[in-house]
Structure formats: structure tokens, C-alpha cells
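S.K.: My questions will all concern the structure given below.
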């Protein structure tokens with residue numbers, strides 16, 4: 001039965017090939033969207049947990065946008081007074097309050113912008129994964145600089161080399177190059193906080209303060225107290241994650257709805273392809289009935305063709321998603337907030353199996369009426385064809 005059904009499909013390669021291609025695209029989109037949704041939630045949770053930060057003090061404005069920019073190593077339009085750091089460190093619930101000053105140095109000719117980060121010793125308490133690939137993992141002098149793995153590759157610098165910043169007029173010496181961490185740290189140029197404030201003419205100013213508490217259960221009370229610091233606002237990482245996941249979830253639901261519409265159109269395409277095949281093969285199917293084939297055998301034959309057609313389309317769609325998904329992922333990362341550095345494409349076995357089952361169901365639905373119509377053909381139709 002399967003061999004006969006496959007031969008029948010192979011007799012019309014162009015029409016059936018177009019149907020398989022349309023179905024493959026719809027399946028690939030569905031697999032990618034499902035995988036991206038799961039992968040984004042998993043990767044974002046892992047990256048935030050790795051930071052060991054429960055709260056961020058950011059300048060007044062849009063708190064979630066500011067927090068996302070800080071966590072991804074991007075600059076803000078406004079800054080905090082350094083007094084906010086002292087007040088945060090006086091709070092009894094705060095275990096670590098690490099200041100951060102971010103600044104961007106644009107290089108239009110090279111088509112890039114260097115991101116500089118001013119930090120102090122408390123940053124090491126929040127970054128236990130920091131390891132020096134070469135040199136030291138901390139500054140030895142006020143004019144020292146530590147480069148992330150990507151920044152060192154771009155600048156072609158190693159420990160002991162001089163690093164000149166023409167925009168600020170500062171001459172620095174590279175103290176160390178960090179091991180690749182898969183975070184935004186890989187692309188940053190780190191300098192001591194006081195040096196950064198002098199370089200970028202922001203004395204007494206900060207971009208943000210990252211806070212870890214003694215006890216996470218004190219989060220609400222600590223946030224309420226820190227919210228009263230003048231010129232600052234508090235963002236909790238759990239609230240921010242929830243907001244971003246809800247936003248991404250809403251967009252994902254919309255896109256999944258569109259992909260399901262595409263799948264429905266694919267079912268109609270299967271229906272149209274098989275119905276046309278049945279009409280073209282009326283004489284052939286009637287002869288089969290005349291020589292003894294039962295209605296159930298004809299029904300099973302056309303249904304098998306439908307399942308084979310959608311099975312090939314589903315398999316092609318899954319392979320397409322696995323091969324081109326990472327290319328699509330690079331585009332998606334530019335659009336989603338706080339996109340983690342690691343891969344978002346996470347096609348689990350459950351997603352692939354659910355897609356395969358959906359493909360089989362689509363084949364059965366698309367081929368149901370053409371199979372029923374073929375089974376109702378009378379053997380006398382063969383004589384009419386003659």
C-alpha cells in the first residue's frame with residue numbers, strides 16, 4: 001500500500017513538490033517560533049540567575065528599558081548621583097551594591113562602537129565567573145584596562161599592550177583579557193570607576209547600581225526603601241523578566257496564530273492536490289474497483305498518499321527549521337528585549353513530536369474528502385472512460 005501510494009505521488013512531482021514546499025515552510029515557521037519561545041525563557045532565566053543580582057538602581061525614566069540597557073552593556077541618556085550608591089550600601093538588606101558607569105565610543109569608519117564600563121572591586125562579588133584568559137583579572141593601576149574576549153580580538157591587544165582612546169585622550173595599559181563568558185562582558189572595555197568618570201567627564205555620576213541582597217525574601221521591603229533615594233528608581237529583576245516574557249509571549253501568540261493559519265492553508269493545499277489527483281485518476285480507480293478493490297482499500301490508498309505527502313512536508317519543515325533557524329535567530333535577537341547571548345533555538349523532542357503528529361493529522365484532514373470521493377467511485381466509471 002505504501003509503495004503504491006509513493007509511486008502515485010511520484011507521478012506528479014511538480015504539483016506534489018509545490019505542496020510539500022508550502023507545507024515545509026509553514027512547519028519550519030511553527031517549529032522555530034515554538035523553539036524560540038522556550039529557548040528565550042530558558043536562556044533569559046539562566047543569564048539573570050548567573051548575574052546574582054536581585055535589584056538595579058537606575059536613573060529616573062523608563063525603568064525596564066534602562067535595566068535592559070544596563071544588563072546588555074548599553075549606555076543610558078541619564079545618570080545617577082554617586083550618593084545613591086552610598087545610600088544603597090547603608091541599607092541593612094543589601095549585601096553587595098556594585099556601581100557601574102557605561103559609555104559608548106563611536107567609530108563610524110569601522111562601523112562599530114566601543115562600550116566602556118567603569119567598575120570597582122564589588123563587581124567581582126557579582127561576577128564569580130570572571131577568569132583571566134591572560135594577565136590579571138583586576139586592575140593594577142588607575143590607568144589599567146581589562147578587555148572582554150571579543151574586545152581584545154577587535155583591538156588586537158594582549159596584557160602589557162598600550163590602549164589609546166583618541167576620543168578621551170587617555171592612554172591606558174591592558175592588565176588582562178577575560179575568558180569568554182557568553183555574556184555582554186565579552187565586548188566591554190573595563191576600567192576603574194574613578195578613571196571612567198574622569199575619561200567621560202562624569203564626576204560623581206553612575207549609570208546604575210547592581211544590588212544583591214542578604215536574603216531574597218527581603219526584596220519587597222528593600223525595594224520600597226531604595227525607591228526613596230533621590231534621583232533613582234528601583235527595578236527588580238523578577239518583575240523585569242516577567243514583563244519581558246509577557247511581551248514576548250504576546251508577540252509569540254500572534255505569530256503562532258499566523259503560522260497556524262499558514263498550516264490551515266497547507267491543509268487546503270493538500271486537499272486541492274489530492275482532489276485533483278482523484279479526478280484525474282477516475283478511470284484508474286474505477287478499474288481497481290472493477291478488479292476487486294474494496295471501498296476501504298481505495299479509501300486507505302488515498303489517505304496513505306495524503307499522510308505521505310504531509311509527512312514529507314513535515315520532515316522537510318523540521319530539517320529546514322534546524323538548518324536555517326540559527327540564521328533567523330540572529331534577526332530575532334535584534335528585536336527581543338534583553339536577548340541572551342546564548343542560542344535561543346531550542347527544538348525539544350516534545351516540540352518536534354507534536355509537530356510530527358500535527359503533520360499526520362493535517363494529512364488525514366486534507367485527504368479525508370478526496371479519499372471518500374475516490375471510494376465512492378463505481379466500477380462502471382471504467383467503462384465510461386472507454
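S.K.: At 7 Å along the Cα-to-beta-carbon direction for both residue 296 and residue 322, put a label point, then send me their distance in nm to one decimal.
M.R.: That separation, rounded to one decimal, is 3.7 nm.
S.K.: Okay, next question. Tell me, 263, 358 in order of fewest to most beta-carbon neighbours within 10 Å?
M.R.: 358, 263
S.K.: With a cut-off of 8 Å between alpha carbons and a minimum separation of six or more residues, what is the relative contact order of the range 61-230 in percent?
M.R.: About 31 percent, as a whole number.
S.K.: On to the next question. Order of 157, 12 from fewest to most other C-beta atoms within 10 Å?
M.R.: Lowest count first: 12, 157.
S.K.: If you line up the Cα atoms of the range 61-230 on their principal axes, what length do they span on each, largest first, in Å?
M.R.: 47, 30, 27 Å, listed from the longest principal axis down.
S.K.: Now, a different point. If contacts are Cα pairs under 8 angstrom and at least 6 residues apart, what is the relative contact order of the range 145-235 in percent?
M.R.: 27 percent
S.K.: For the range 61-230, give me the percentage of DSSP beta bridges that are antiparallel, rounded to the nearest 5 percent.
M.R.: Around 75 percent of the beta bridges assigned by DSSP in the range 61-230 are antiparallel ones.
S.K.: Could you calculate the contour length gain from residue 161 to residue 284, that is, 0.36 nm times the residue separation minus the distance between their Cα atoms, to one decimal place in nm?
M.R.: Working: separation 123, 0.36 × 123 = 44.28 nm, distance 8.13 nm.
Length gained, residue 161 through residue 284: 36.2 nm.
S.K.: Could you please rank 364, 318, placing first whichever residue has the fewest other Cβ atoms within 10 Å of its Cβ? Walk me through the intermediate numbers first.
M.R.: Values: 364 16, 318 21.
By the 10 Å Cβ count, ascending, the order reads 364, 318.
S.K.: Further question on the same structure: As an exercise, use a Förster radius of 22 Å and the Cβ-Cβ distance of residue 121 and residue 143 to find the FRET efficiency, rounded to the nearest 0.05.
M.R.: In this case the efficiency is close to 0.85.
S.K.: Oh, and also: What distance in nm separates the simple spin-label points at residue 198 and residue 349, each placed 7 Å from Cα in the Cβ direction?
M.R.: 6.0 nm
All of the numbers you see were taken from the coordinates with simple rules; none came from a lab. What you see is a predicted model, and the numbers here were worked out from it, not measured in a lab. FYI the Cβ positions are ideal-geometry reconstructions off the backbone, even for glycines, and counts take in every protein chain you see.
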